[in-house]
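Down below is the structure, laid out as structure tokens.
The values are calculated or read from the model by the stated rules, or taken from the named source; none is laboratory data. Source: prediction; values computed, not measured. Methodologically, a virtual Cβ is constructed for each residue, glycine included, from the backbone with ideal geometry; neighbour enumeration extends over all protein chains shown.
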């Protein structure tokens, strides 16, 4: 069971690294929260994204992602809800006064669970992720290497494992980059506006996506 060649793993891991480095709502949300609140909020956002991604892995293994791939209605519903959520998060950031980026404000705000939940929702409400897993994972299913669902689950879980080697260093680098600049209220306001604009743009891009 799970008997794969070196070429198989090389191809899969290369694709997994490229997937995790590709810019999108997930990375934008993680880095945005890191810049806004430091490593703790960044890791909370990352954990939420991973949980949502694992939900997509389970759906792909169970075959439920086929619904999103074949049903225009299901795809549209998830797409519009996801786009609306990203835009709502963006508007919240645009309306902020920037105090969330100031060091004094960060010390008093340890509400990590809401950020974690937001990460879960951001990941789950991206139908492109579900369809990607459905199209990507089956390419690495090998006959006689084990049950199809088990192979899909294994490879999907390993994509998240690969993320564990990529995203934490990004969070630490993002925190170091912004720690020196948080003393400026104007900088905090600029960061809030930038994060808000990015989230709104990602929401609009998702809204325009086609199956």
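For segment 121-168, how many residues meet the condition of being surrounded by fewer than 16 Cβ atoms within 10 Å (Cβ to Cβ), in contact (Cβ under 8 Å) with a residue 60 or more places away in the chain and more than 21 Å from residue 10 (Cα to Cα)?
The qualifying residues number 2.
Do we find that residue 27 is part of a helix (DSSP H, G or I), at pLDDT below 90, surrounded by 14 or more Cβ atoms within 10 Å (Cβ to Cβ) and more than 12 Å from the chain's Cα centre (by Cα) in this structure?
No.
Anything in segment 1-19 that is surrounded by 15 or more Cβ atoms within 10 Å (Cβ to Cβ) and either on the phi > 0 side of the Ramachandran plot or not in a helix (DSSP H, G or I) (or both)? List them, or say none.
The one that is surrounded by 15 or more Cβ atoms within 10 Å (Cβ to Cβ) and either on the phi > 0 side of the Ramachandran plot or not in a helix (DSSP H, G or I) (or both): 4.
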